[in-house]
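Novice: I am attaching a structure below and will ask some questions about it afterwards.
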Amino acid sequence: MTFAQFLFVAIDKMFDGSQNNKKMLRFKDVKFEIETDIAYGKDDAEKLDIYYVKKDGNEKYPVFFYIHGGGFVAGDKHYRRGLAKWAANKGFFVVNVNYGLGPKYLFPKGIQHLVDALNWVGANAEKYNLDLDNMCVSGDSAGGYYSAMLACVSTNKDLQKRFGVSTDLKFRTAMLDCGIYDIGEALGQKMPFNLTDKILFDFSGIHVKELDKYEYSDVLAPFGFVNEQFPISFITYAEKDMFCKGQGQKLVKKLQDLGVHVEEHHSTKFFDNHCYPLNWNKGAAIENIRLCDDFLKRVVEKRV
């Protein structure tokens with residue numbers, strides 16, 4: 001286990017209870033339909049869970065496609081089970097995805113896996129009565145990066161060709177939590193234990209000083225591919241984020257300049273830090289969850 005893996009695995013285990021066992025996430029009177037570890041591809045990492053609440057009649061489910069974080073090297077859908085139930089309780093068909101992590105799976109394998117998962121949704125739309133015209137992509141931290149990247153890849157055939165993938169599915173909305181969108185800027189942020197270089201190496205197989213020679217250096221960051229086709233978005237960021245300071249603000253500004261509908265919430269205090277909404281009912285998370293509730297309600301009803 002690499003140092004970066006050890007760090008992010010420890011974070012998940014340490015905060016598992018606070019992220020998944022809050023009273024507000026127990027939903028005692030709700031019967032969830034849950035299927036776990038569905039294989040959506042050939043690689044062992046390609047597994048997903050689905051969550052939904054049965055509906056009366058033939059009303060189609062909007063899709064909530066969730067990508068967990070973990071520094072590109074750790075994390076698991078298991079640690080977002082509370083969030084998956086939260087979204088399913090709002091009327092979504094939730095697809096909670098695992099994907100290839102470094103250093104076993106190097107970039108762009110994670111993107112290839114996530115496109116496989118997206119195509120699984122399309123292939124199973126009739127079986128589960130899914131509304132493919134109302135899909136929301138969401139993720140936290142590294143999952144926020146992959147959510148933004150997947151939104152860009154889905155509308156860009158040149159990127160699809162570069163990554164060796166193909167899909168005709170697109171997202172109508174996105175909800176991104178403390179993601180990294182400009183890799184170059186993120187690599188300039190100093191972190192203890194040379195963590196930036198360690199994460200990049202585990203993610204891509206290269207060190208920071210070798211980045212200009214990397215075959216994917218020009219397609220490593222979603223920020224450069226964000227355009228007018230980017231989904232309607234709700235962006236969450238922390239002003240004092242210890243991992244990706246400034247990233248959310250930059251994406252919000254670009255979307256505003258492009259004329260893409262974007263809403264945002266951000267924390268201002270140090271202890272409301274990276275991925276603070278996963279605290280659910282503490283500090284700035286309280287207002288964030290209220291705003292996300294409202295955003296997703298409007299997504300379900302197609303009022304945004």
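The values are calculated or read from the model by the stated rules, or taken from the named source; none is laboratory data. Computed from a predicted model, the values in this text were never measured in an experiment. Here the Cβ is made from the backbone with ideal geometry for all residues, glycine too, and neighbour counts use every protein chain on show.
Novice: From (1) among the hydroxyl-bearing types (Ser, Thr, Tyr); (2) within 30 Å of LEU200 (Cα to Cα); (3) outside any loop (DSSP other than H, G, I, E, B); (4) in contact with a strand residue (DSSP E or B) (Cβ under 9 Å, 6 or more places away or on another chain), pick out the condition that doesn't hold for TYR51.
Specialist: With respect to (1) among the hydroxyl-bearing types (Ser, Thr, Tyr); (2) within 30 Å of LEU200 (Cα to Cα); (3) outside any loop (DSSP other than H, G, I, E, B); (4) in contact with a strand residue (DSSP E or B) (Cβ under 9 Å, 6 or more places away or on another chain), TYR51 is out only on (2).
Novice: Tell me yes or no: at least one residue of region 130-141 is in contact (Cβ under 8 Å) with a residue 24 or more places away in the chain, of a type in the set (A, V, I, L, M), out of contact with any Lys or Arg (no Cβ under 9 Å at 6 or more places or on another chain) and outside any strand (DSSP E or B).
Specialist: no
Novice: CYS178 passes all but one of (1) farther than 22 Å from ILE67 by Cα; (2) in contact with a Phe, Trp or Tyr (Cβ under 7 Å, 6 or more places away or on another chain); which number fails?
Specialist: For CYS178, the exception is condition (1).
Novice: Can you name the condition, by its number, that ILE111 falls short on among (1) more than 23 Å from ALA4 (Cα to Cα); (2) modelled with pLDDT of 95 or more; (3) of a type outside the set (S, T, N, Q)?
Specialist: Just one mismatch for ILE111, condition (1).
Novice: In a loop (DSSP other than H, G, I, E, B) and within 30 Å of PHE295 (Cβ to Cβ): does that describe ILE206?
Specialist: Here the answer is no, as ILE206 does not meet what is asked.
Novice: Regarding region 64-74, can at least one residue be identified that is crowded, with 24+ Cβ neighbours inside 10 Å, in a loop (DSSP other than H, G, I, E, B), touching a Pro at 6+ places or on another chain (Cβ under 8 Å) and not basic (Lys, Arg)?
Specialist: Yes, the conditions are met somewhere in region 64-74.
Novice: When you check GLY179 against the structure, is it part of a helix (DSSP H, G or I) and either within 18 Å of LYS254 (Cα to Cα) or modelled with pLDDT of 95 or more (or both), yes or no?
Specialist: It is false that GLY179 is part of a helix (DSSP H, G or I) and either within 18 Å of LYS254 (Cα to Cα) or modelled with pLDDT of 95 or more (or both).
Novice: Out of all the residues in region 222-248, which are of a type in the set (A, V, I, L, M) and either outside any loop (DSSP other than H, G, I, E, B) or modelled with pLDDT of 95 or more (or both)?
Specialist: If the condition is that a residue be of a type in the set (A, V, I, L, M) and either outside any loop (DSSP other than H, G, I, E, B) or modelled with pLDDT of 95 or more (or both), then VAL226, ILE232, ILE235, ALA238 are the ones that fit.
Novice: How about region 75-97: which of its residues are buried (at least 23 other Cβ atoms within 10 Å of the Cβ) and either among the acidic types (Asp, Glu) or under 28 Å from GLY164 (Cα atoms) (or both)?
Specialist: Of everything in region 75-97, those that are buried (at least 23 other Cβ atoms within 10 Å of the Cβ) and either among the acidic types (Asp, Glu) or under 28 Å from GLY164 (Cα atoms) (or both) turn out to be GLY75, PHE93, VAL94, VAL95, ASN96, VAL97.
Novice: If you don't mind, there's one more thing I want to ask. Among (1) part of a helix (DSSP H, G or I); (2) buried (at least 16 other Cβ atoms within 10 Å of the Cβ), which single condition is ALA174 missing?
Specialist: (1)
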